[in-house]
Amino acid sequence: MPSTELNEYPLLAYKAYKHKKLAALDGILTVWEDASARFGRGQFYTFALHMRHIYFGLMALDNNDVPTAKMELIKASKIPGSLIMGSFGPNMLLAHRLLQRGEKKIVLKFLKNCRSFWHLPSRIYFARTWRSAILRGETPDFGEHLYMYMGWEKGFEPDLLSA
């Protein structure tokens, strides 16, 4: 069973990103991934790896490096399966921010790739709804998936929708 410390990494990473402490964020992501791997390369490792790519993509986008952000989004979709990721699905913040820049093709590819780890029935409901909205030229309401795996403890303030 993971320690309380392991469960704190999502919020620590979120706060480092939010306050633009990028060196600290990189360190937190590395420690989070390493700590998760010690419990086996299962569910905690998988979402730590997923979030590493989401945050690297967000950092790239903050620096107007759209090609790197797109690459990181795809890497975030090519992770091993796990119970957590299979049940709850992906974090959609980077996808949302790329859609704001008109990058719908890469977001559709991301959703398609997520089928490898995101199980039924939630995947069918959310992915189909989101895909349909994107194809209509709309930005879907990603709801809780915008901040999935970023920490839901006290101190979490979801406000990263635009850079």
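Every read-out reported here was derived from the displayed coordinates using simple, explicitly stated rules and does not represent laboratory data. Please read these numbers as outputs of a predicted model, since none were measured by experiment. For neighbour counting, all protein chains shown are included, and Cβ atoms are generated from backbone atoms with ideal geometry for every residue, glycine included.
Please work out the FRET efficiency for the pair LYS78 and ARG131, using the Cβ-Cβ distance as r and a Förster radius of 22 Å; give the result to the nearest 0.05. After rounding to 0.05, the efficiency reads 0.75.
Hey, fewest Cβ within 10 Å first, where do ARG101, ARG128 land in order?
Working: ARG101 14, ARG128 11.
Ordered from fewest to most neighbouring Cβ atoms within 10 Å, ARG101, ARG128 come out as ARG128, ARG101.
Taking the centroid of alpha carbons for each part, region 27-69 and region 72-89 are 11 Å apart. Only residues of region 109-130 count here: report those whose backbone N is under 18 Å from the spot 7 Å along Cα→Cβ of SER87, or say none. Under cut-off, by backbone N: 117-126. Among the listed options (1) 42, 16, 10; (2) 52, 16, 11; (3) 24, 19, 14, the one matching semi-axes √(5λ) of the Cα gyration tensor in Å as calculated from these coordinates is (3). Computed extension gain for LYS21 through ARG115, at 0.36 nm per residue and net of the alpha carbon distance, reaches 30.6 nm.
Lysine pairs in region 4-146 whose alpha-carbon atoms fall under 21 angstrom of each other, counting only those eight or more residues apart or on distinct chains, come to 16.
For region 82-98, 3J(HN,Hα) computed residue by residue from phi via the Karplus equation (6.51, -1.76, 1.60; θ = phi - 60°) reads 7, 4, 5, 5, x, 7, 9, x, x, 6, 10, 5, 5, 4, 4, 5, 5 Hz, glycine and proline entered as x.
How high is the relative contact order of region 4-146, in percent, counting Cα pairs under 8 Å that sit 6 or more residues apart?
Details: 158 pairs, mean separation 26.7, N = 143.
Relative contact order, region 4-146: 19 percent.
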